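> Below you'll find the structure I mean.
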Amino acid sequence: MYRLVLPTLFLAFASCGALTDVLDRTTLSDAELQDVKDNYQGAVRAFNDLEEFAASVANGTVDISGSTYDPPTSENGWVGTLRYQGPDFPGGDGDFVLGFTVLDQNGQPVDPFETDVTGDEVLTMDVGVDFLGTTAEGAPLELHADFNLVLDQSDPAREVVTLDGTFSIRHNDYVADLTARTLVFSYDPATGLVQEATGMIDGTIEIPGFAFDADVAIVAHGETASVDIAVLDQTIEDGVVSIADFQATGA
């Protein structure tokens, strides 16, 4: 008699569609796996746009003519604020607010748009960012980030940016919660192109309508990066990409 219980329950689930619902929430089709990958790449593009933009804020080379700027002063605790509304922010179109504190090579707070710090060997910046709008490609984008950035300009042939912090990026309805851990990018100042990187990014991607998050692990090692994205026993991305490709597309 007891042997009939599980088969009977199985048929009951199947007959009412519950089993199909369970499978849909625990297994992704090939098309759904591709959607996760596409939205992961969109999140990484937003991450890279923000990293490059923040480094340019640190040394005061960003064009702030299209923004509302509240400079850092002793009265506001040396926290400056940049606000862009509309398409002026290079990574998208919407409401972008960046709060920052920059320390010069002597550890003193400074307004990088008032004082020329391009000759400082090392600049340190604490950053908080909120963005709500769309990407340059038109996808809905919401971004919140808190991170520390160190810009090393001591070598004329090599500009080095180090990131540590957290990034929550909603691209369409996929939410990537990522942590940068001593992530170091080295750029050619003449071309602005990344040469190599070290460090890692890890975190999760929340998949709409799905019971489980995807796990993300990106490890940079020189001119390449290992990208591993998986949900349960399904692989979304597992391979090695060039740092240039990662910086451009996320894969």
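> Which of Val57, Val44, Val219 comes first, and how do the rest follow, when ranked by fewest Cβ neighbours within 10 Å?
Working: Val57 22, Val44 25, Val219 18.
So the residues, fewest neighbours to most, are Val219, Val57, Val44.
> log₁₀ I(q)/I(0) of the stretch 177-225 at q = 0.18, 0.19, 0.20, 0.31 Å⁻¹, via Debye over equal Cα point scatterers, no solvent, to two decimals?
Relative scattering, expressed as log10 I(q)/I(0), comes to -0.64, -0.67, -0.71, -1.05.
> What does the convex hull of the Cα atoms of the stretch 207-250 come to per residue, in Å³, rounded to a whole number? Before the final figure, lay out each step's value.
On the way: hull volume 2.9 nm³, N = 44.
Cα convex hull per residue, to the nearest whole number: 66 Å³.
> On average over all directions, what projected area in square nanometres does the stretch 64-211 have, based on the convex hull of its Cα atoms? Show your work: numbers first, answer last.
Values: hull surface 40.8 nm².
Computed as one quarter of the Cα hull surface, the answer is 10.2 nm².
> In what order do Thr224, Thr166 fall by count of nearby beta-carbon atoms within 10 Å, going from fewest to most? If you can, show how the numbers build up before the last one.
Working: Thr224 18, Thr166 13.
So the ranking, lowest neighbour count to highest, is Thr166, Thr224.
> What ranking of Arg83, Arg45, Arg181 emerges when the number of other C-beta atoms within 10 Å of each C-beta is taken as an exposure proxy, fewest first? Don't skip to the answer; put the middle values down first.
Values: Arg83 16, Arg45 23, Arg181 12.
Final ranking by Cβ density, sparse to dense: Arg181, Arg83, Arg45.
> What does the convex hull of the Cα atoms come to per residue for the chain, in Å³? Before the final figure, lay out the partial values.
On the way: hull volume 38.6 nm³, N = 251.
Looking at the chain, the number lands at 154 Å³ per residue.
> Sticking with this one: Taking 8 Å as the Cα distance limit and 6 or more residues as the minimum spacing, I'd like the relative contact order of the chain as a percentage.
14 percent
Bear in mind that the values in this text are calculations on the coordinates, not laboratory data. This is a predicted model, so every value here is computed, not measured. We place every Cβ from the backbone using ideal geometry, glycine too, and count neighbours over all the protein chains shown.
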